[in-house]
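Beneath this line is the structure, given in structure tokens, with notes to follow.
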């Protein structure tokens with residue numbers, strides 16, 4: 001069973017998904033699946049190519065923005081920002097626990113002008129704590 005957590009009306013974060021979870025995503029109206037997990041991080045988990053193929057067969061778009069242990073780059077934030085702006089439906093982003101996906105969504109939202117307090121509240125409601133990146137959220141939102 002999936003663990004899709006609603007961050008906003010059109011945004012969900014999730015721990016690692018399986019191929020079977022994509023049917024549920026489709027039923028929720030997900031039109032874009034974003035993988036924030038680098039291939040090989042967990043060799044037993046479905047890798048990018050498998051998720052992409054299954055998502056595409058179900059008519060969903062797929063994007064990989066892997067976030068490794070080195071943290072977040074401006075390019076990754078912009079890629080997420082562009083993906084969110086370009087999506088015409090609901091988005092599901094996933095990683096090992098959903099935290100990196102939530103952090104990247106939060107940073108993209110702050111860079112787009114959303115209020116950090118609103119971002120933090122949405123993340124908290126989904127069970128994620130963005131306090132480790134709060135200074136970055138504040139900095140991006142103030143630009």
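A few points about this structure:
- Every residue from the range 1-41 that is farther than 20 Å from residue 76 by Cβ, out of contact with any strand residue (DSSP E or B) (no Cβ under 9 Å at 6 or more places or on another chain) and in a loop (DSSP other than H, G, I, E, B): 1, 18, 19, 20
- Filter result for residue 67 (free of Cβ contacts under 8 Å to residues at least 40 places away in the same chain, farther than 22 Å from residue 135 by Cα and surrounded by 19 or more Cβ atoms within 10 Å (Cβ to Cβ)): no
- If you filter the range 98-113 down to residues that are without any contact (Cβ under 8 Å) to a residue 60 or more places away in the chain and not in a helix (DSSP H, G or I), you find that the one that is farthest from residue 80 (Cα to Cα) is 113.
- Complete set of residues in the range 70-83 that are in contact with a strand residue (DSSP E or B) (Cβ under 9 Å, 6 or more places away or on another chain) and surrounded by fewer than 20 Cβ atoms within 10 Å (Cβ to Cβ): 79, 83
- Candidates 77, 119, 67, 133 - the one that is at negative phi and in a loop (DSSP other than H, G, I, E, B): 67
- Among the residues listed as 42, 61, 21, the single one being farther than 20 Å from residue 119 by Cβ and at pLDDT below 95: 42
- With respect to (1) touching a helix residue (DSSP H, G or I) at 6+ places or on another chain (Cβ under 6 Å); (2) within 18 Å of residue 140 (Cβ to Cβ), the lone exception for residue 55 is condition (2).
- Qualifying residue in the range 81-90 (condition: in contact (Cβ under 8 Å) with a residue 60 or more places away in the chain, in a strand (DSSP E or B) and within 20 Å of residue 16 (Cα to Cα)): yes
- Applying the condition of being over 22 Å from residue 109 (Cα atoms) and touching a helix residue (DSSP H, G or I) at 6+ places or on another chain (Cβ under 8 Å) to the range 2-18 and asking which residue is modelled with the highest pLDDT yields 17.
- Hey, residue 42 surrounded by fewer than 17 Cβ atoms within 10 Å (Cβ to Cβ) and either out of contact with any helix residue (DSSP H, G or I) (no Cβ under 8 Å at 6 or more places or on another chain) or touching a residue at least 60 places away in the same chain (Cβ under 8 Å) (or both) or not: yes
The values are calculated or read from the model by the stated rules, or taken from the named source; none is laboratory data. Just so it is clear, the structure is predicted and the values come from calculations on it, not from any experiment. Cβ atoms come from the backbone with ideal geometry, glycine included; neighbour counts cover every protein chain shown.
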